[in-house]
Amino acid sequence: EGAPGTVSQVRGCAFELIRYAKENGVALVLVGHVTKDGSIAGPRVLEHMVDVVMSFEGERSHQYRILRSLKNRFGPVDEIGVFAMEGQGLTEVANPSSLFLSGREQPVAGNAVFPAIEGTRPVLVEIQALIVRLASGATPRRAVVGWDSGRMAMLLAVLEARCGLNFSSAEVYLNVAGGYRLTDPAADLAVAAALVSALADKPLAAHGVWFGEVSLAGEIRPVAHGGLRLKEAAKLGFGTACGPADGTAAASGTRYNAVPLLPNLVDRIMAEA
């Protein structure tokens, strides 16, 4: 009863389907669509009735798709599965870290590798920054793909206020390679390293990873799953890592460099270049 697509009709239909599935011991998959901003379309009441909500993400121009868990009553959320669209359909990508790091032949200024955590799964991704100096009086642009633009603005302000760097007269472009989207706050240090490297036009260490949360005071704060991040980096041949001074690097298989403050990061990049 009722007009198609109303809240009462969607709730009623979902209730009957869920009741049938429970009574007959079968799995039920409800397929919907998303809005232009990526959120689930339609009444939100449906999300509260089901046990698991999963989103299938991916740009049309990219070959790869990410299946992300947004809600799970019986397990961890934010888990991901990476799939490739082949001629026979979707196939699983067993090692997503190697996928997002493909094509790294030689060090380039502005590139930094970040060991992200998706649920309980470590994934190494490449963060790319580009700094373009402008003529005096021109209005600089800030463009971000795959990361939060507000967080990049905050990080630029901290780099200027705490480290004495000047980004106000330059355009800043930031990209997460492979169409990946980052929400992990531990990406702060990797983004900062990429920005400093691009500003100085000096490549970072070829086999290094960077992770840690940056505070407004310029401190590098500890993050969760530090050991898991380092283990994934060591497995893929990354021998060095920079991160917070919290002792999570014990027996990680990598040479760990503790960075307590953001100015220490800038000094290290300038010294190694």
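The values are calculated or read from the model by the stated rules, or taken from the named source; none is laboratory data. For clarity, every value in this text was computed on a predicted model and none was experimentally measured. Here the Cβ positions follow ideal geometry from the backbone for every residue, glycine too, while neighbour counts run over all protein chains shown.
It is to be established whether one or more residues within the stretch 92-107 are buried (at least 17 other Cβ atoms within 10 Å of the Cβ), modelled with pLDDT of 80 or more and touching an Asp or Glu at 6+ places or on another chain (Cβ under 9 Å).
Taking every residue of the stretch 92-107 in turn, none turns out to be buried (at least 17 other Cβ atoms within 10 Å of the Cβ), modelled with pLDDT of 80 or more and touching an Asp or Glu at 6+ places or on another chain (Cβ under 9 Å).
Test each condition in (1) of a type in the set (Val, Ile, Thr); (2) within 14 Å of VAL125 (Cα to Cα); (3) surrounded by 16 or more Cβ atoms within 10 Å (Cβ to Cβ) for VAL172 and report the one that comes out false.
Just one mismatch for VAL172, condition (2).
Quick test for you: out of SER39, SER61, pick the one residue that is closer than 18 Å to THR183 by Cα and either touching a Ser or Thr at 6+ places or on another chain (Cβ under 8 Å) or at pLDDT below 85 (or both).
Values: SER61 fails: closer than 18 Å to THR183 by Cα.
The conditions single out SER39.
Being under 18 Å from GLY178 (Cβ atoms) and out of contact with any Phe, Trp or Tyr (no Cβ under 8 Å at 6 or more places or on another chain) is the filter here, so list the residues in the stretch 80-93 that pass it. Break it down into steps so the answer makes sense when it comes.
We begin by selecting, within the stretch 80-93, every residue under 18 Å from GLY178 (Cβ atoms); these are 80-86, 90-93.
Answer for the stretch 80-93, where residues must be under 18 Å from GLY178 (Cβ atoms) and out of contact with any Phe, Trp or Tyr (no Cβ under 8 Å at 6 or more places or on another chain): ILE80, GLY81, GLU86.
Any residue at all in the stretch 173-180 that's at pLDDT 95 or above, assigned to a strand (DSSP E or B) and more than 14 Å from PHE114 (Cα to Cα)?
yes
Kindly indicate whether VAL209 is closer than 30 Å to TYR64 by Cα, in contact with a helix residue (DSSP H, G or I) (Cβ under 6 Å, 6 or more places away or on another chain) and modelled with pLDDT of 85 or more. Give the steps one after another, and end with the answer.
Details: closer than 30 Å to TYR64 by Cα: yes; in contact with a helix residue (DSSP H, G or I) (Cβ under 6 Å, 6 or more places away or on another chain): yes; modelled with pLDDT of 85 or more: yes.
So VAL209 fits the description; yes.
In the stretch 7-39, how many are in contact (Cβ under 8 Å) with a residue 24 or more places away in the chain and more than 23 Å from ARG68 (Cα to Cα)?
Our first condition is that a residue be in contact (Cβ under 8 Å) with a residue 24 or more places away in the chain; within the stretch 7-39, this holds for 7, 10-11, 14-15, 18.
If we keep only those that are more than 23 Å from ARG68 (Cα to Cα) too, we end up with 7, 10-11, 15.
Selection size over the stretch 7-39: 4.
Can you tell me which of LEU230, LEU195, LEU216, LEU199 is in a loop (DSSP other than H, G, I, E, B), of a type outside the set (D, E, K, R) and in the same structural domain as PRO244 (by TED's automatic domain parsing)? Walk me through it before giving the result.
Numbers: LEU230 fails: in a loop (DSSP other than H, G, I, E, B); LEU195 fails: in a loop (DSSP other than H, G, I, E, B); LEU199 fails: in a loop (DSSP other than H, G, I, E, B).
Criteria check complete, one pass: LEU216.
Could you count how many residues in the stretch 43-58 are modelled with pLDDT under 85 and more than 30 Å from VAL93 (Cβ to Cβ)?
Looking only at that region, the number is 3.
Could you tell me whether LEU124 is crowded, with 18+ Cβ neighbours inside 10 Å and more than 19 Å from the chain's Cα centre (by Cα)? Give the steps one after another, and end with the answer.
Working: crowded, with 18+ Cβ neighbours inside 10 Å: yes; more than 19 Å from the chain's Cα centre (by Cα): no.
For LEU124, the condition - crowded, with 18+ Cβ neighbours inside 10 Å and more than 19 Å from the chain's Cα centre (by Cα) - is not met.
If you scan the stretch 127-152, which residues turn out to be of a type in the set (A, V, I, L, M), surrounded by 12 or more Cβ atoms within 10 Å (Cβ to Cβ) and either out of contact with any strand residue (DSSP E or B) (no Cβ under 7 Å at 6 or more places or on another chain) or part of a loop (DSSP other than H, G, I, E, B) (or both)? Before the answer, list the steps.
Our first condition is that a residue be of a type in the set (A, V, I, L, M); within the stretch 127-152, this holds for 127, 129-132, 134-135, 138, 143-145, 152.
Filter again for surrounded by 12 or more Cβ atoms within 10 Å (Cβ to Cβ), leaving 127, 129-131, 134, 143-145, 152.
Within the stretch 127-152, just LEU134 meets the criteria.
Just to be sure, is ALA21 at pLDDT 90 or above, among the aliphatic types (A, V, I, L, M) and out of contact with any helix residue (DSSP H, G or I) (no Cβ under 7 Å at 6 or more places or on another chain)?
Criteria met by ALA21.
With (1) surrounded by 15 or more Cβ atoms within 10 Å (Cβ to Cβ); (2) at pLDDT below 80 as the list, and LEU67 as the residue in question, which single condition is left unmet?
For LEU67, the exception is condition (2).
For the stretch 108-120, enumerate the residues that are under 28 Å from SER69 (Cα atoms) and at pLDDT 85 or above.
Filtering the stretch 108-120 down to residues under 28 Å from SER69 (Cα atoms) leaves 112-120.
Within the stretch 108-120, ALA112, VAL113, PHE114, PRO115, ALA116, ILE117 qualify.
It is to be established whether one or more residues within the stretch 183-198 are in contact with a helix residue (DSSP H, G or I) (Cβ under 7 Å, 6 or more places away or on another chain), of a type in the set (Val, Ile, Thr) and crowded, with 20+ Cβ neighbours inside 10 Å.
Looking through the stretch 183-198, at least one residue is in contact with a helix residue (DSSP H, G or I) (Cβ under 7 Å, 6 or more places away or on another chain), of a type in the set (Val, Ile, Thr) and crowded, with 20+ Cβ neighbours inside 10 Å.
From the list GLY75, GLY12, pick out the single residue that is small (Gly, Ala, Ser), in a helix (DSSP H, G or I), more than 16 Å from the chain's Cα centre (by Cα) and modelled with pLDDT of 75 or more.
Going through GLY75, GLY12 in turn, the sole match is GLY12.
Which condition number does ALA135 fail, the rest of (1) within 18 Å of ALA193 (Cα to Cα); (2) without any contact (Cβ under 8 Å) to a residue 12 or more places away in the chain being met?
Every condition holds for ALA135 apart from (1).
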